Amino acid sequence: MNNEEDLLQEDSTRDEGNETETNSMYKLRKTRKKVTKSHVYSTEVGEMDISNSNDCMRDSSQILTPPQLSSRMKHIRQAMAKNRLQFVRFEATDLHGVSRFKSIPAHFFQEKVSQGVCMPRGYLEVMPNPKDNEMNHLRATCFNSDIVLMPEVSTFRVLPWAERTARVICDTFTVTGEPLLTSPRYIAKRQLSQLQASGFSLLSAFIYDFCIFGVPEILNSKTISFPSSAFFNNHDQPFMQELVDGLYHTGANVESFSSSTRPGQMEICFLPEFGISSADNAFTLRTGVKEVASKYNYITSFFIETGFCNSGILSHSLWDVDRKTNMFCSSSGTEQLTITGKKWLAGLLKHSAALSCLMAPTVSCRKRYSKDRKDPKESVPTTWGYNDNSCIFNIKCHGEKGTRIENKLGSATANPYLVLAATVAAGLDGLHTSDEVLAGPDESTDFYQVEPSEIPLKLEDALVALEEDQCLRQALGETFIRYFVAMKKYELESEERDAERNKFLAYFI
């Protein structure tokens, strides 16, 4: 396939046998679905055009039938021909939320859709030689084995910032066909399935801060990156324009972007979407922003050189399963949470200590909780309020989006899939177990005031809180919790504090 005509000719010759091949692919995926006990993985897709989506309510929530998969693959082949694609990236998230991928020649894509692409498991779990007593080594799930990247075809997109290259987001399986239990995307999908089984849907969007630096300069034998101060007051920059336009063409719709509190610091807000799509958008940003910045001789980082992490806010609301009613909005028109919303918030407050471990997973991330306090306190209270940006859980009741909760526990370095999964797990626990609900600061009711957990300032204490939180252990899985805790303890033991800054600047740029 050297040119567009060759690709189109091949497309026409394959169509006759396409139905048979698609049936085989469908059967293979059904086999994987049976192995994974009714959970939905790589075949979950939304009904959307493959080249772009203008629908902010899209979601990957339906399994393609053989005719639908056949139609989707036909659109993909046409996109490959139109854009003269050479390579397709099979991308998956590691535990830190960083993209790990294998690129294949484009003419192998249809074959790899059904077979998957193999990758060493260690690429995704990012921890050398875990101890045997820290992980459950079962059959093909041992750390040194391969895993299989199975693409979710609805996420196929031509990458505007990579020449003649497309990407597809993948779910991860063992070579025996079982889901990788430490996969953040699998964990998030499982929680969204639990939410749907309870009769609800989640509409959410991430709001990220990131910093833009010039090319590093050497001063007095030290490497220093200066903030790109032009971004502090000037939004009309080619870099941001190309980034936002590129994200749009990958299906990630940006609602707004602006300068933030520091020179060179930008804030970017996505439009809300149902299901896993919000985390997919955040995952796309984390890769795309680095690749676009390199074209302009910039370096972008979600980690600030001063040692503080940028914020990564999850704005979300709970809807009925038909996605017609916002369950946080009061029918009376008052700007207060409904009983359902208060129970959801009660779950977030109850599990805030453990949530903070997943959402601020490094030593430096946790500095933002203390805000440079000099007192010897080891924890800070979890705060919440209405339309109060200083609170950790900020309930916004204004605007066309309706009532929503901003979860501000997270840093921009947190894995967006874990942020989504843990938020849903904690909220669901509030719905199922909270007989008492919160009384707002301006409400005159007899509702019992739920006592929120304190947020530990030390990562070590947050790890203990996560280990002791039985709800999150069950929701996210014992295997994942053991591995995550072991990974963080390894980082604490092996990394010098002075080296952490350089480590995360290198990893998260």
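Read the figures in this text as sums done on the coordinates, not as results from a lab. Remember, predicted model here, so these are calculated numbers, not experimental data. Heads up, the Cβs are rebuilt from the backbone with ideal geometry, glycines too, and the neighbour counts pull from every protein chain shown.
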For Thr325 and Asp245 in one chain, what is 0.36 nm times their gap in residues minus the Cα-Cα distance, to one decimal in nm? 25.7 nm
Provide the net charge surrounding Tyr208, with neighbours chosen by a C-beta distance below 10 Å and charges set as Lys +1, Arg +1, Asp -1, Glu -1. -1
Take peptides 110-117, 350-357, 198-205 and line them up by average Cβ neighbours within 10 Å, highest first, as a rough protection proxy. 350-357, 198-205, 110-117
Could you list, in their original order, any pairs among Lys343/Lys396; Lys342/Lys396; Lys342/Lys408; Lys189/Lys290; Lys350/Lys401; Lys290/Lys408 whose Cα atoms are separated by more than 22 Å? Lys189/Lys290; Lys350/Lys401; Lys290/Lys408
Given 284-292, 73-81, 158-166, the highest-first ranking by average Cβ count within 10 Å works out to 284-292, 73-81, 158-166
Want the number for Thr433 to Asp388: 0.36 nm per residue separation, take away the alpha-carbon distance, what's left? 13.5 nm
